[in-house]
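Some notes on the structure that comes next.
The values are calculated or read from the model by the stated rules, or taken from the named source; none is laboratory data. A quick note: this is a predicted structure, and the numbers were derived from the prediction, not measured. Using ideal geometry, Cβ is built from the backbone for each residue, glycine included, and neighbour counts are taken over all protein chains shown.
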Amino acid sequence: MASAFRHEDAFRQECLLAAVLIPAALLIPVGGTERALMIASVLLVLIVELLNSAVGSRGRQDFPGKSPPREAGEGIAAPRYS
């Protein structure tokens, strides 16, 4: 987790948001179930980002330099400008 915090911008941003949103969820006057769902959704975002970082790191290890499999996936999500 410390490595992801040092090397992944998105994980740092999501940790900052978690540091704001979790205390906010504790302060909002709602029931226990709603509070638990708000906190769980923030933690789920952090878990998914850690998994994403692990997959990206593994892709960089397997394919140093240019990474055809990773670039193919990024090409699907990213618009192409000519």
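Filtering ILE47, ILE39 for residues that are under 9 Å from the mean Cα position of the chain (by Cα), in a helix (DSSP H, G or I), hydrophobic (A, V, I, L, M, F, W, C) and at pLDDT 90 or above leaves a single hit, ILE47. When you check VAL55 against the structure, is it modelled with pLDDT under 90 and closer than 23 Å to ARG6 by Cα, yes or no? Judged against the criteria, VAL55 is a match. Filtered by the rule that a residue be in contact with a Leu (Cβ under 9 Å, 6 or more places away or on another chain) and of a type in the set (Asp, Glu), region 9-56 gives a lone residue, GLU14.
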